[in-house]
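Engineer: First the structure, which I've put down as structure tokens, then a few questions once you've had a look.
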Amino acid sequence: MLRRAPQKREDREAQAAEARKEQARIRAVQQAAEDQKAKRAETDRMRDKEENTQAWIEAVTGETFQGKTFHESLKNGVLLCK
């Protein structure tokens with residue numbers, strides 16, 4: 001039976017440091033994925049709010065949005081003043 005030579009303290013510390021770095025990288029990747037998922041969910045919520053608001057404004061004013069985007073349609077304020 002072969003015996004392994006005892007690991008030097010420096011080797012163990014180096015391995016532990018590498019393991020901590022790898023764990024930190026994994027946590028960073030996981031956090032980035034969670035952040036991206038949250039951002040997509042927020043974008044979806046904002047899109048829903050814009051669509052609901054647009055429908056309400058069009059119902060109240062009787063006019064449709066003319067701009068390509070929600071912001072573009074409202075930025076001059078004319079539709080909001082009606």
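Values in this text are rule-based calculations from the coordinates and carry no lab data. Values in this document were obtained by computation on a predicted structure and should not be read as measured data. Positions of Cβ are backbone-derived with ideal geometry, glycine not excepted, and every protein chain shown enters the neighbour counts.
Engineer: Are there any pairs, at least 6 apart or on different chains, whose C-beta atoms fall under 7 Å, with the first in the stretch 58-78 and closer than 19 Å to residue 48 by Cβ and the second in a loop (DSSP other than H, G, I, E, B) and among the polar types (S, T, N, Q), and if so, which?
Structural biologist: 58/64; 73/66
Engineer: So the check is Cβ under 7 Å with 6+ separation or different chains; which pairs have a first residue in the stretch 38-55 that's under 23 Å from residue 67 (Cα atoms) and free of Cβ contacts under 8 Å to residues at least 40 places away in the same chain and a second one that's surrounded by 10 or more Cβ atoms within 10 Å (Cβ to Cβ) and among the aromatic types (Phe, Trp, Tyr)?
Structural biologist: 50/70; 54/65; 54/70
Engineer: Looking only at the stretch 55-80, count how many residues are in a helix (DSSP H, G or I) and of a type outside the set (D, E, K, R).
Structural biologist: Going through the stretch 55-80 one residue at a time, the tally reaches 13.
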